[in-house]
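Please read the structure below before turning to the comments.
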Amino acid sequence: MKYIVIIFLLAFNNAPAQNLVPYQVQDLKNWDMAALYGYKSLDFKIIIEPKNEAPNLFVNGYATFQKNKKLGLIDTLGNIIVEPIFEKLSDVIGDYVYVKEFNEFDSYILNVKTNKKFKYKTTNINQRIELSDMPGIFVLYSDNATYKDAYGLMSSDGTTILKPRYSFLAAIDIDLFAVTDSLGKTGIFNTNGSWIIKPTYKNIGMFNDGLASFENNHKYGYIDQNGKIIIPAIYKKVIGYFEHGYATMTNGAENIFLNKNGKICFDGLDIKEILDSRDNLLTVRANNDSLFLMNKNNIGLNQRAANEIAIIDSTGFLYRIGTNLFFQSADTVIKMPGTNFTKISALNTGYYFIESKTDSNTVLKTATNKYLESVAQLDMENAHFGWSRSMGIIAKYIWDNEKLEENFVNYLDKTGKQYSDFKE
């Protein structure tokens, strides 16, 4: 069995994406790895004819376009927006893309609509301008005698809103940056040019669910986007972000779970971590590493401790105990056929990914619908399924352990039909 393989980074995130899918016409008898790629709509109509050496999903209305191993951008009609002349090209943020022609001296930010270039007016490689995660806000970097490894911010109109004299800078929420000064104190700066919190704390984390962790006097708590302390810094350690509606903290061996009001939850239930939440259900791991599904009233739903749980929705869920698979609804538990299941995971769009072993001990990876009907299979050890939730399509890819990157294989619709065209 042959696979089409090119170097490809799967773009499965929450960024906006157009409903166009890369496809390739490939002759299996006259194998040509250099065949070009085009784009189809989700109903398999050709929108862009094959002319791209290395496709990607559309993000913010643009996709990478490669010709003669040089990179540019195309729009959803296939028009070349940025000519393929660059060695490096980032994702488009707002109307801006970071590009590199030959080396770092030739790198700059480009407005894809006006072709205006933004760069430091210097030939010093240690002074540069880079994209941030905020549209129209650029990061200034300067390494000089006065400020070593110093960062600042500039708006797209050329105004410096934060001089490059800070040792660390990172986007932590919409229009908010965590900024660390030369003394190691961190505050929150907004893109309007003012401080929400002047550098005060040892560390401030990413905002999630409206809250971010902060460290003060070697203790941790949570603040909101206005800098108000929601959970006081009285805990020894914070674990992860505020997510699933809870903050996970610890003052010793056992974890403590706090809601947005700072109230302790799940006390005495022997829970180590919250893994997932969906439809007011929580997948939790106990201290003995067993998994349980809990409802909003903190009542466990699965009748036996599981090794893995996969929630699709509140009408039913799948769980694995050893190599056996069970489906449970409100009033029914069904043992699924077969006894060689090794891994399960769920998507919130009605699909499961299931791994099992065949009689020859080969790992078989299957994408199924919520009724466990197979829509696609992989029989290669290093092959995997990915999912674009925004587009509702499945991707098959191969993980390259040597290069630590994903190689594109193919895209499928929810029935398992391939977007690539193969000629026998």
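The values are calculated or read from the model by the stated rules, or taken from the named source; none is laboratory data. The structure presented is a predicted model; accordingly, all values stated were derived computationally and were not measured. In this analysis, Cβ positions are derived from the backbone assuming ideal geometry, glycine residues included, and neighbour counts consider all displayed protein chains. Heavy atoms of the whole protein, side chains included, go into the accessibility calculation; ligands, DNA and RNA do not. Shrake-Rupley method; radii C 1.70, N 1.55, O 1.52, S 1.80 Å.
Against the conditions (1) part of a loop (DSSP other than H, G, I, E, B); (2) modelled with pLDDT of 90 or more, Leu73 satisfies every one except (1).
Conditions (1) surrounded by 20 or more Cβ atoms within 10 Å (Cβ to Cβ); (2) closer than 22 Å to Lys116 by Cβ; (3) at pLDDT 90 or above, marked per residue:
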| site | (1), (2), (3) |
| --- | --- |
| Thr146 | no, no, no |
| Leu162 | yes, yes, yes |
| Ile174 | no, no, yes |
| Lys185 | no, no, yes |
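Of all the criteria given as (1) open to solvent by less than 60 Å² (accessible area, probe 1.4 Å); (2) under 26 Å from the mean Cα position of the chain (by Cα); (3) among the aliphatic types (A, V, I, L, M), the one not satisfied by Ile256 is (2). Is it fair to say Ala35 is out of contact with any Gly (no Cβ under 8 Å at 6 or more places or on another chain), within 21 Å of Glu406 (Cα to Cα) and either crowded, with 19+ Cβ neighbours inside 10 Å or modelled with pLDDT of 75 or more (or both)? Against the criterion (out of contact with any Gly (no Cβ under 8 Å at 6 or more places or on another chain), within 21 Å of Glu406 (Cα to Cα) and either crowded, with 19+ Cβ neighbours inside 10 Å or modelled with pLDDT of 75 or more (or both)), Ala35 qualifies. Taking the range 278-351 and the strands (runs of 3 or more DSSP E) fully enclosed by it, the elements with 1 or more residues that are among the small types (Gly, Ala, Ser) are at 281-286, 308-313, 316-321, 324-329, 341-346.
A search for C-beta distances below 8 Å between a residue of the range 397-424 that is closer than 16 Å to Ala35 by Cα and assigned to a loop (DSSP other than H, G, I, E, B) and any residue that is at pLDDT below 70 and open to solvent by less than 70 Å² (accessible area, probe 1.4 Å), counting only pairs 6+ apart in sequence or on different chains, returns Ser420/Ile4; Glu424/Leu28. Under the condition of being in contact (Cβ under 8 Å) with a residue 40 or more places away in the chain, farther than 19 Å from Pro135 by Cα and surrounded by 17 or more Cβ atoms within 10 Å (Cβ to Cβ), the residues counted in the range 56-112 number 2. Would you say Asn216 is touching a Lys or Arg at 6+ places or on another chain (Cβ under 8 Å) and open to solvent by 30 Å² or more (accessible area, probe 1.4 Å)? When the stated conditions are applied, Asn216 passes them. Of everything in the range 373-393 that is of a type in the set (Ser, Thr, Tyr) and open to solvent by 20 Å² or more (accessible area, probe 1.4 Å), the residue that is farthest from the chain's Cα centre (by Cα) is Ser374.
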